[in-house]
Amino acid sequence: MLLLVRHGQSRANAAGLLVGRADSPLTELGRRQADALGAALAPTITTGCRILASPLQRAAKTAQAIAATCKGSPAPSRVRPLDVRPGVITDARFIELDYGELDETAVSELPAGLWEHWREDLTWRPPGGETLWEVRARVSAACEELAAEAGRGDVIVVSHLSPIKAAVTWALGSGPELSWRMSLGVASITRIATDGARGPSLVSFNETAHLAGLA
């Protein structure tokens, strides 16, 4: 199973900022959400599962909390391991969408009509950033590479809003237009099965029951 985990709440999330490549740290709530993710995944993940993470600290720190509950050594990988925690592997293909000059802009202060324009033109590029199609391409390539391994056992990927949505569109065989119709919470879990003869299939989306009671 391919388990796609969104990181815990970051300071930028809490402040209502659009955040892409800015390396915003977890809040205290985000750290508790990361611990809750580890507790939720511990009973179900397979021994020796591989854990990958975006290189941004909000994802890496969340992955570390999960790694503490995942017993066994990670499978060999061609990607560079994080220095901060053995057992967590970084993969830059799962980094957040690059918002370029819009990074860390308050959502309430974005130019009028921006979201509508972006919905209509999926090739639109934020100044200095990347398009939704570019995110879809890099994430799809990573998912294709991981599919066989995830068909034999669990592979956990700790990532961000846009890459996880892109992975779902990969599983469903759609383009990025579908991502605008998805709502994905922080510290959520999404599961994609990759062991079927007909290709990947979406098993669950935006699981958040493990966050009950956190405030």
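The values are calculated or read from the model by the stated rules, or taken from the named source; none is laboratory data. Just so we're clear, the structure is a prediction, and the values are computed from it rather than from any experiment. In this analysis, Cβ positions are derived from the backbone assuming ideal geometry, glycine residues included, and neighbour counts consider all displayed protein chains.
A few notes on this one:
- Apart from one condition, V107 fits all of (1) in contact with a Lys or Arg (Cβ under 9 Å, 6 or more places away or on another chain); (2) touching a residue at least 60 places away in the same chain (Cβ under 8 Å); (3) among the hydrophobic types (A, V, I, L, M, F, W, C); the exception is (1).
- Failed criterion for L122 (all others in (1) more than 15 Å from R93 (Cβ to Cβ); (2) of a type in the set (A, V, I, L, M, F, W, C); (3) free of Cβ contacts under 8 Å to residues at least 12 places away in the same chain hold): (3)
- Filter pass, S174 being free of Cβ contacts under 8 Å to residues at least 24 places away in the same chain and assigned to a strand (DSSP E or B): no
- Of note, L211 does not satisfy the criterion of being of a type in the set (A, V, I, L, M), in contact with a helix residue (DSSP H, G or I) (Cβ under 7 Å, 6 or more places away or on another chain) and free of Cβ contacts under 8 Å to residues at least 24 places away in the same chain.
- Filtered by the rule that a residue be in a helix (DSSP H, G or I) and out of contact with any Ser or Thr (no Cβ under 8 Å at 6 or more places or on another chain), segment 9-56 gives E28, L29, R31, R32, D35, A36, A40.
- The residue that is farthest from the chain's Cα centre (by Cα), counting only those in segment 76-124 that are crowded, with 16+ Cβ neighbours inside 10 Å, assigned to a loop (DSSP other than H, G, I, E, B) and at pLDDT 90 or above, is D103.
- Unique residue being surrounded by fewer than 22 Cβ atoms within 10 Å (Cβ to Cβ) and on the phi > 0 side of the Ramachandran plot when the list is G185, G129, G173: G173
- Across segment 196-209, the number of residues qualifying as closer than 18 Å to S140 by Cβ and modelled with pLDDT under 95 comes to 3.
- Leading residue by the ranking (modelled with the highest pLDDT) among those in segment 14-44 that are more than 17 Å from A106 (Cα to Cα) and among the acidic types (D, E): E28
- Leading residue by the ranking (farthest from L202 (Cα to Cα)) among those in segment 129-171 that are outside any helix (DSSP H, G or I) and more than 16 Å from the chain's Cα centre (by Cα): G129
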